[in-house]
1. Under 6 Å between Cβ atoms, which residue pairs at least 6 apart in sequence (or on different chains) link something in the stretch 603-631 that is open to solvent by 40 Å² or more (accessible area, probe 1.4 Å) with a partner that is assigned to a strand (DSSP E or B) and of a type in the set (Ser, Thr, Tyr)?
2. Take ALA247 and tell me if it is closer than 21 Å to ILE141 by Cα, free of Cβ contacts under 8 Å to residues at least 40 places away in the same chain and among the hydrophobic types (A, V, I, L, M, F, W, C).
3. Just wondering, is there one or more residues in the stretch 716-731 that are open to solvent by 40 Å² or more (accessible area, probe 1.4 Å), in contact with a strand residue (DSSP E or B) (Cβ under 7 Å, 6 or more places away or on another chain) and at pLDDT 95 or above?
4. Answer yes if at least one residue in the stretch 688-704 is within 27 Å of ASN529 (Cβ to Cβ), in a helix (DSSP H, G or I) and more than 22 Å from the chain's Cα centre (by Cα), and no otherwise.
5. Using the structure shown, decide if PHE471 is aromatic (Phe, Trp, Tyr) and under 26 Å from ASN529 (Cβ atoms).
6. So which pairs qualify, if the first residue must be in the stretch 80-96 and over 12 Å from SER209 (Cα atoms) and of a type in the set (Asp, Glu), the second must be open to solvent by 20 Å² or more (accessible area, probe 1.4 Å) and assigned to a strand (DSSP E or B), the Cβ gap must be under 6 Å, and the two must be at least 6 apart or on different chains?
7. Please verify whether ALA489 is assigned to a strand (DSSP E or B) and either on the phi > 0 side of the Ramachandran plot or open to solvent by less than 10 Å² (accessible area, probe 1.4 Å) (or both), treating the condition exactly as stated.
8. Can you pull out the residues in the stretch 516-540 that are part of a loop (DSSP other than H, G, I, E, B), modelled with pLDDT of 85 or more and not charged (D, E, K, R)?
Amino acid sequence: MMDRPIRFQDPFRPPSPHRPWRWWQILLISLGTVVLLGALSTGGALWYFSKDLPALDQLGTYQPSLVTQVYSADQQLIGQFFIERRILTPVALIPERLRRAVIAVEDVRFFEHPGLDYIGMLRAAWTNVRRGGKVEGASTITQQLARSLFLSSERTFDRKVRELILAYKMELVLTKEQILELYLNQIYFGQGAYGVASAAQTYFGKDLSALTTGEAAFLAGLPKSPNHYSPFKAYDRAKKRQEHVLARMEDAKFITMEERDQAVAEILNFHRPGSEQAAPYFVEYVRQLLVAKYGESMVYKGGLKVITTLNMDMQKAAEAAFAAGLRELDKRQGWRGPLRTVDVNAPTPPVVTAVIDQALKVGDVREGVVIKVAKDHYLVQIGTVVTKLAFDDMAWAKRRLTGLDTAKDVIVNPNLKQALKPGDVIEVIVRKLEHGIANVQLEQTPLVEGGLIALEPGKGAIRAMVGGYDFARSEYNRAIQAHRQPGSAFKPLIYATALSQGMSPASVILDAPVVYEQDQDEKTWKPENYGRKIHGMVSLRDALAHSHNLATVRLLDKIGVKDVIEFAKTVGVTSPLAADLSLGLGSSSVRLSELTSAYGVLLNQGNRAEPYAIMSVKDNAGNVLEQTEPQALPVISKETAYLITNMMEDVIQKGTGQAAKVIGRPIAGKTGTTDEFINAWFIGGAPNLVAGIYVGFDDRRSLGETESGAHAALPIWINFMQAALKPLPVVAFTIPEGITFVKVDPVTGLLEGEDGQASTVEIFTKGNEPTQATQRRLDPIDFYKLDQIPEGAL
């Protein structure tokens with residue numbers, strides 16, 4: 001066998017060509033290239049869409065914008081401050097039926113997918129194709145949360161990609177329970193409610209734990225389109241949505257068929273949020289205090305829990321008494337005529353006679369249209385109900401106002417049959433419902449304003465506050481912000497200053513005309529008493545009880561204006577006071593709150609407690625940020641406080657405040673009226689509650705002749721205090737040990753004489769009681785007797 005010859009390749013000879021690529025090799029390389037390019041493109045796209053996305057490392061500690069809730073002292077919710085009305089609730093405290101309802105309708109595979117539900121996407125796509133339009137979405141709960149927290153709701157490709165990326169990332173850093181908790185607290189449910197807890201309160205007035213399965217299903221159906229499924233706009237549509245949620249819950253085996261049927265049959269009693277806010281002036285006052293201390297962001301987003309000093313029963317009594325009092329005052333001023341006139345022949349809804357609208361209740365104030373004039377009454381249509389307005393129920397309208405001046409712009413028309421005509425729109429109040437007929441009374445919204453504030457003297461706690469007739473009409477808080485002349489309501493501070501200087505209630509002062517020169521322009525000032533009466537020598541007790549101006553000005557001149565100003569500052573008056581004798585007539589404007597607080601010092605044995613409205617503030621984690629511990633500190637002697645309080649008790653017993661005797665317990669106070677009846681005041685109270693009221697127009701025009709503090713303000717005070725004091729114990733003013741009782745001559749203030757002249761028991765600070773007796777006073781008849789004595793007998 002011969003060996004095979006060996007072949008040597010020539011290095012200079014070109015190599016032979018390779019074998020051709022096979023088809024599968026080409027396909028494999030192409031696919032690899034496509035995959036590589038796709039991966040690079042996908043990675044680039046993900047990088048592009050992710051570069052501006054927020055970091056999620058602190059999402060576990062994310063705090064959504066929460067609602068700050070304000071409560072009265074008796075734990076009633078009276079106000080909320082928020083950008084988004086939300087009550088943060090841990091997922092463990094959210095009822096399982098509500099969690100399941102949300103999962104069933106929004107993302108039934110929530111606990112199975114990684115944030116993106118591919119099966120759900122395919123199912124939704126197939127459903128939409130079959131039905132020829134978009135009827136089902138595929139966004140998971142995680143996607144919805146990502147959109148709500150970080151993205152807008154615009155429908156763009158960019159937003160959708162970012163949403164998917166965020167959802168996937170969120171699933172990496174949060175547990176399913178954390179995601180569900182964030183979602184249930186973040187999502188919007190309509191009617192201004194964010195989160196399930198706020199939604200439960202908004203729609204049903206309930207806490208989450210009290211929700212039924214039917215109510216939970218209704219709430220779960222809202223996030224898809226809160227406005228579209230609002231029960232207040234389309235109840236039938238909202239009900240169908242609820243039934244759809246219940247069906248999904250049954251499909252997911254969350255409830256049985258029987259439970260579903262029971263929930264479907266359940267009647268949903270919706271709680272429409274009222275437009276009226278409790279204690280609006282007080283709540284706004286609290287808001288201003290909170291913002292000043294914690295800032296707007298904390299107040300509107302921080303979810304604070306604020307406990308205030310407000311007593312809701314007292315507040316309701318204050319609002320009712322104040323509104324009723326202003327309405328009565330407004331009627332005395334006169335009727336301003338119909339609100340407007342409409343065409344009664346225009347098409348209107350069918351009139352229902354002799355049937356009372358179920359929404360019409362006694363005490364309701366409504367607008368109505370006069371449709372007929374009868375012999376002794378008008379027929380007034382309110383909505384679809386015809387009511388009867390008897391002439392006797394509009395007798396006050398005989399006095400007709402034609403302008404702003406309550407004294408000059410007045411026409412008296414005794415013929416009430418000519419006061420109205422068909423088509424006139426008027427305001428009425430439902431007075432009586434009987435025999436299928438509603439009887440109404442002519443009403444009128446007052447233009448006059450004013451304020452009311454009630455304090456607990458021992459603590460300074462604000463228990464009630466009314467800053468005006470209608471917060472919607474004017475948010476200006478006249479109880480706190482308005483400066484008004486108090487008139488004679490300032491006098492107790494003058495008399496208290498005199499008592500602190502050693503004078504007594506029995507000390508006498510001359511009540512007679514006096515003229516003072518005013519240094520600046522060399523003009524003279526001549527104060528006058530009400531009614532221009534003169535009373536001669538009077539005791540300080542009587543001068544205050546009957547509010548004698550001349551005696552008060554003389555007293556002020558005697559004790560010194562500067563001393564009165566210093567005393568006023570000591571008891572809490574911070575407004576600037578005029579350093580002249582006009583101060584004796586209450587010429588310097590003060591705030592109702594500060595003067596009422598000053599009275600509280602007098603009624604509280606000389607102890608001053610700074611008025612406050614907030615008892616405690618907690619953050620959303622329950623940490624105490626603020627806790628008020630009121631302290632009443634002595635600022636004047638107990639003896640001075642008791643002397644002036646006792647004198648103000650006589651204002652009630654025999655002076656300008658006698659109408660208040662109906663309260664039937666120890667009370668002290670003082671009326672106040674300014675020149676031309678521009679402002680009317682009354683401030684007073686018991687040892688455990690002091691209240692102040694002023695009434696007056698904002699443009700400072702006259703309330704009308706005779707509208708004094710006793711006539712315009714005191715009735716409001718009485719109505720309020722009768723209700724406010726009812727649950728409080730009857731307490732007498734404490735008599736300090738440094739007070740002594742002495743019989744004195746009421747004319748001179750000295751000890752009673754030995755000639756059997758009339759005497760009275762008066763109170764004094766020990767050491768200041770009189771030591772001299774009254775000398776026998778000659779009677780004019782004595783001179784006649786002297787003339788009858790024979791000559792030589794003397």
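1. Pairs that qualify, where the first residue is open to solvent by 40 Å² or more (accessible area, probe 1.4 Å) and the partner is assigned to a strand (DSSP E or B) and of a type in the set (Ser, Thr, Tyr), are GLN627/SER616; THR628/TYR612.
2. It is true that ALA247 is closer than 21 Å to ILE141 by Cα, free of Cβ contacts under 8 Å to residues at least 40 places away in the same chain and among the hydrophobic types (A, V, I, L, M, F, W, C).
3. Restricting attention to the stretch 716-731, the residues satisfying the condition of being open to solvent by 40 Å² or more (accessible area, probe 1.4 Å) are 719, 722-723, 726-731.
Those still in the list that are in contact with a strand residue (DSSP E or B) (Cβ under 7 Å, 6 or more places away or on another chain) too: 728, 731.
Going one step further and asking which of them are at pLDDT 95 or above, we end up with 728, 731.
Looking for residues that are open to solvent by 40 Å² or more (accessible area, probe 1.4 Å), in contact with a strand residue (DSSP E or B) (Cβ under 7 Å, 6 or more places away or on another chain) and at pLDDT 95 or above, one finds at least one in the stretch 716-731, hence yes.
4. Initial filter on the stretch 688-704 (within 27 Å of ASN529 (Cβ to Cβ)): 692-697, 700-704.
Now restrict to residues that are in a helix (DSSP H, G or I): none.
Within the stretch 688-704, none of the residues are within 27 Å of ASN529 (Cβ to Cβ), in a helix (DSSP H, G or I) and more than 22 Å from the chain's Cα centre (by Cα).
5. It is false that PHE471 is aromatic (Phe, Trp, Tyr) and under 26 Å from ASN529 (Cβ atoms).
6. GLU84/TYR194
7. Values: assigned to a strand (DSSP E or B): no; either on the phi > 0 side of the Ramachandran plot or open to solvent by less than 10 Å² (accessible area, probe 1.4 Å) (or both): yes.
For ALA489, the condition - assigned to a strand (DSSP E or B) and either on the phi > 0 side of the Ramachandran plot or open to solvent by less than 10 Å² (accessible area, probe 1.4 Å) (or both) - is not met.
8. If we filter the stretch 516-540 for residues that are part of a loop (DSSP other than H, G, I, E, B), which is where we start, we get 518-523, 526-529, 533-535.
Subset that is modelled with pLDDT of 85 or more: 526-529, 533-535.
Hits for the stretch 516-540 are PRO527, ASN529, ILE534, HIS535.
The values are calculated or read from the model by the stated rules, or taken from the named source; none is laboratory data. Keep in mind it's a predicted model, so treat the numbers as computed, not measured. When we count neighbours, we look across all protein chains shown, and the Cβ atoms used for this are built from the backbone with ideal geometry, even at glycine. Note: areas computed on protein heavy atoms with side chains; ligands, DNA, RNA excluded. Shrake-Rupley method; radii C 1.70, N 1.55, O 1.52, S 1.80 Å.
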